[in-house]
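Okay, so here's the structure we're looking at.
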C-alpha cells in the first residue's frame, strides 16, 4: 500500500510544487532549508492523506478561467465593502437568511469548490452541503426580502456556472445543462 502511495506522488507533482511554494511563503523566504522542509512536509501529507482522483472532471479553459478569477476578485472586493458598511453604519443589523440553492452540477468536486468560493466571499457562509441532493445551504447577510433571497441564489448559481465553464469538462457541462 505504501509503495502505491509513493507511486501516486508522480500524479501530485504539481500540487507538491505548489505546496512547497506556499511553505516558503509562510516561512518568509526561499532558501534550501525552507524548500527541503516544505518538500518533506508536502510528501508526508500527500502520502498520509492521498487526494481522490478528480482529473476526469476537469479541463482548463484559460480565457474563461481568467474571466472567472477576475469576476471572483471583483465579487470579493464588492462584498467586503458591503459587509464593512454593514459593520460601521448606524442603524439596525441587516436582515439575514439561510437559503437553499440547488446546484446545476451533480459533481462532488464542483459542489465543494462552489461552497468554498461562496464562503470566501464576505457576507455568506455555507452551513450545510447535501451531497445526495446537490444542495448548498448558505447563511447570507442582506437577504431579508424574497427578491434579495432570489438575488443571493442567482449569485451562487452564476458563480457555479462560471466555475463550470472555467474548468469543467464537456460531460460535466452537459450534465449541468450548460451545453
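A few comments on the model shown:
- The peptide list 114-122, 150-158, put in order of mean Cβ contacts within 10 Å with the highest first, becomes 114-122, 150-158.
- Pairwise FRET efficiency - residue 4 versus residue 89, Cβ, R0 = 45 Å, nearest 0.05: 0.20
- Between the helical axis of 32-48 and the longest alpha-carbon principal axis of the chain there is an angle of about 80 degrees.
- 0 to 90° range, to nearest 10: angle between helix 13-27 axis and the chain longest Cα axis: 80 degrees
- Potential extension, residue 131-residue 154 segment - 0.36 nm per residue separation minus Cα distance: 6.3 nm
- Inter-label distance for residue 58 and residue 36, nm, one decimal - labels placed 7 Å from Cα along Cα-to-Cβ: 3.0 nm
- Between helix 62-88 and the chain: long-axis angle, C-alpha atoms, 0 to 90°, nearest 10: 50 degrees
- Ranked by how many other Cβ atoms sit within 10 Å of their own Cβ, fewest first, the residues 24, 77 fall in the order 77, 24.
- With the simple spin-label model, which puts each label point 7 Å out from Cα in the Cβ direction, the residue 147 to residue 65 separation comes to 3.9 nm.
- Ranked list, fewest to most other Cβ atoms within 10 Å of each Cβ, for 8, 31: 31, 8
- Burial ordering of 40, 103, fewest other beta-carbon atoms within 10 Å first: 40, 103
- Highest average first, the peptides 11-23, 89-101 ordered by how many other beta carbon atoms sit within 10 Å of their residues are 11-23, 89-101.
- The chain, relative contact order in percent, only Cα pairs under 8 angstrom and at least six apart counted: 24 percent
- Correct choice for Kirkwood radius over Cα pairs in Å that was computed from the model, options [x] 20.0; [y] 18.7; [z] 17.4: [y]
- Modelled spin-label separation between residue 179 and residue 73, with each label point placed 7 Å from Cα along the Cα-to-Cβ direction: 2.9 nm.
Every read-out reported here was derived from the displayed coordinates using simple, explicitly stated rules and does not represent laboratory data. A quick note: this is a predicted structure, and the numbers were derived from the prediction, not measured. Glycine also receives a Cβ, built like all others from the backbone with ideal geometry; neighbour counts cover every protein chain displayed.
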